[in-house]
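Take a look at the structure set out below.
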Amino acid sequence: MSTPDTSATAGEYVSVRIEKGARHPHVAQVTLIGPGRNNAMGPDFWAEMPRVMAELDADPEVRAAVIAGEGRNFTYGLDLMAMMPQFMEFLPSDKAPDASRNEKILDFVEAMRQAIDSVAAARTPTVAAVQGRCIGGGIDLISACDVRHGSADSTYSVREVKVGIVADMGSLARLPYIIGSGLTRELALTGRDIDAETALRYGLVSHVADDAAAVLDSAHATAAEIADNPPLVVRGTREVLNRAIEGPIYESNRYVATWNAGFLASSDMMEAISSTMEKREAKYTGR
């Protein structure tokens, strides 16, 4: 079982592009660029994001970062096609006992989640600029950011339930602190979309801009405001805010990783993936 490799040379990335100081001397921009369709998150993203955040943290000139997506959409979330080889290894097999297979799933899920946790744990404050669709793993990513802005056409979906997976990259742990338990449950159990106005009303985003260009402008303006403040005070403020919730988030994330280690390789998950690929209605059996 392969796990995301974080050993590549710093600064060389496939899934993101980093720009530093283009709009403000102390603000960086991290742009999701794929290579999956609509910035879908494949193996490269999960391996590279911890290194991206480590690079920003190591640069004394970077005091805030905007996280954006290239093109019409922020991200379609997990790149199912690119991740399929890993998922196929999770299927029951005579070659690997269930306990061994489940342990590998647990290790894999936790290695992937480091990509999201690295954003929340970084010393660099982050502002998400969301345009178009933000699905699944995209919700995990923006929920780990300090601030979120959306374009008027942005939509948001905790889509994992539609592909037979319990969302395990952090959204179930973090969203209740952002939008409340009620809406979190509704989104996670239905997999439905919400629009920008609803996201604003519930606090998933704090500002809605007219379009993709405007939301990038507003996110950079907020990042610049953060960067202009005393860095140690900003860091201390984030540390205090994070400390209040990091224990429950850790426990929740660990629990869902353990749950998926036991139940991820289900017939329903494979049916969800197959029906999505074949563009047909799924037939679930509860197995």
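A few notes on this one:
- Of the beta bridges in segment 132-266, as assigned by DSSP with both residues counted there, near 35 percent are antiparallel.
- With at most 13 neighbouring Cβ atoms within 10 Å, loop GluC sites (Glu not before Pro) (DSSP) excluded, longest segment of the chain: 62-280
- Theoretical ellipticity at 222 nm over the chain - DSSP helices of four or more residues, -39500 (n - 2.57) apiece, nearest 500: -16000 deg cm²/dmol
- DSSP finds beta bridges in segment 16-278, and of those with both partners inside it, around 30 percent are antiparallel.
- Cβ-defined net charge surrounding Val215, 12 Å radius [Lys, Arg +1; Asp, Glu -1]: -3
- Counting charges near Asp59 (Lys, Arg +1; Asp, Glu -1) among other residues having Cβ under 12 Å from its Cβ returns a value of 0.
- Between Leu141, Leu78, Leu187, the residue with the greatest mean-square fluctuation in the GNM of the chain (Cα pairs under 10 Å linked by springs) is Leu187.
- Candidate membrane-span-like segments in the chain, meaning DSSP H helices with Cα atoms spread over at least 15 Å of their own axis and a Kyte-Doolittle mean of -0.5 or above, are 43-58, 98-121, 212-227, 231-263, 267-278, with no membrane implied.
- Lys pairs under 29 Å by Cα in the chain, provided they are eight or more residues apart or on distinct chains: 6
- Separation of alpha-carbon centers, segment 202-216 and segment 51-76, rounded to whole Å: 17
Just so you know, all these numbers are worked out from the coordinates, no wet-lab data involved. Since the structure is predicted, the reported quantities are computational estimates derived from the model, not experimental observations. Ideal geometry is used to build each Cβ from the backbone, glycine not excepted, and the neighbour counts take in all protein chains shown.
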